[in-house]
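The values are calculated or read from the model by the stated rules, or taken from the named source; none is laboratory data. Just so it is clear, the structure is predicted and the values come from calculations on it, not from any experiment. Glycine also receives a Cβ, built like all others from the backbone with ideal geometry; neighbour counts cover every protein chain displayed.
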């Protein structure tokens with residue numbers, strides 16, 4: 001059976017999601033806890049989107065394939081269910097900066113990575129001295145000049161849609177930089193922080209942080225509102241684009257289609273990936 005695992009983490013002290021033998025990673029820590037609780041050989045989870053070192057997540061999704069007997073035989077108490085008991089046991093041995101929010105049986109055709117139709121991130125910035133709060137320093141970028149969110153939204157609107165984001169991505173051999181940017185907008189939260197909400201079918205390496213860096217240059221008056229779109233049209237890395245720090249970035253949510261569409265979406269995404277890698 002396939003288990004869907006919803007989790008959250010503070011990425012500060014992790015070297016990103018992907019398991020690495022000599023580094024502390026989210027994947028490695030989660031897999032070790034799952035293997036211990038389920039009493040199985042090293043577990044291997046598949047994730048919706050790998051996050052870089054220092055990036056956080058509230059709505060990360062992964063899946064794990066296990067024999068049904070492993071779950072059905074899991075000890076429970078009272079009116080609990082095996083999956084709720086499993087989630088609680090795993091959560092109990094994880095470190096405080098990684099939490100399992102839910103473990104559920106995945107519907108037929110579900111793939112945490114390939115069934116996803118979008119990923120939504122938020123980037124948070126403190127841009128005035130009055131907003132300075134040391135309690136959120138690990139999750140919010142401090143910027144020394146006030147930002148004009150109206151100008152940033154005007155610039156952001158020009159980037160939305162199916163585009164080649166080569167100018168904002170760290171190029172990988174054989175990988176496409178074409179993405180569909182569904183939403184990109186700025187607003188103030190209740191605390192007054194500037195928050196970038198960005199949603200796309202997928203993101204290439206450094207894409208969100210490079211986009212945010214270019215839009216900050218507009219917001220603090222160093223660049224015109226048309227500049228990010230001009231950079232985008234160039235389709236190559238621009239030295240004027242600053243990739244902002246990872247700690248302001250959080251994966252908020254992963255979107256999936258209705259259960260009946262999961263398998264078809266997975267096949268489409270997998271075929272597209274295989275064509276890219278060929």
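Counting the residues of the stretch 9-27 that are under 23 Å from residue 87 (Cβ atoms) and surrounded by 18 or more Cβ atoms within 10 Å (Cβ to Cβ) gives 9. In the stretch 231-261, the qualifying residues are those that are assigned to a helix (DSSP H, G or I) and out of contact with any helix residue (DSSP H, G or I) (no Cβ under 9 Å at 6 or more places or on another chain), and the one that is surrounded by the fewest Cβ atoms within 10 Å (Cβ to Cβ) is 260. Residues of the stretch 8-33 being modelled with pLDDT under 95 and touching a strand residue (DSSP E or B) at 6+ places or on another chain (Cβ under 8 Å), which ones? Correct list: empty. Looking at this structure, is residue 74 outside any helix (DSSP H, G or I), at pLDDT below 95 and surrounded by 15 or more Cβ atoms within 10 Å (Cβ to Cβ)? Criteria met by residue 74.
Each residue in the stretch 96-109 was checked for being touching a strand residue (DSSP E or B) at 6+ places or on another chain (Cβ under 9 Å) and either at positive phi or surrounded by fewer than 20 Cβ atoms within 10 Å (Cβ to Cβ) (or both), and 8 of them qualify.
Taking the condition surrounded by fewer than 17 Cβ atoms within 10 Å (Cβ to Cβ) and more than 29 Å from residue 246 (Cα to Cα), does residue 65 pass? Spelling it out, residue 65 is indeed surrounded by fewer than 17 Cβ atoms within 10 Å (Cβ to Cβ) and more than 29 Å from residue 246 (Cα to Cα). Checked against (1) over 25 Å from residue 6 (Cβ atoms); (2) out of contact with any helix residue (DSSP H, G or I) (no Cβ under 6 Å at 6 or more places or on another chain), residue 168 meets all criteria but (2). If the condition is being without any contact (Cβ under 8 Å) to a residue 40 or more places away in the chain, in a helix (DSSP H, G or I) and surrounded by 14 or more Cβ atoms within 10 Å (Cβ to Cβ), then the stretch 146-192 contributes only 153.
Is it the case that residue 217 is at pLDDT 95 or above, more than 18 Å from residue 171 (Cα to Cα), outside any strand (DSSP E or B) and in contact with a helix residue (DSSP H, G or I) (Cβ under 8 Å, 6 or more places away or on another chain)? Considered against the rule, which asks whether it is at pLDDT 95 or above, more than 18 Å from residue 171 (Cα to Cα), outside any strand (DSSP E or B) and in contact with a helix residue (DSSP H, G or I) (Cβ under 8 Å, 6 or more places away or on another chain), residue 217 comes out as yes.
If I ask for residues that are touching a helix residue (DSSP H, G or I) at 6+ places or on another chain (Cβ under 7 Å) and closer than 15 Å to residue 97 by Cβ, which ones from the stretch 25-56 would you list? Matches in the stretch 25-56: 33, 51, 53, 54, 55, 56.
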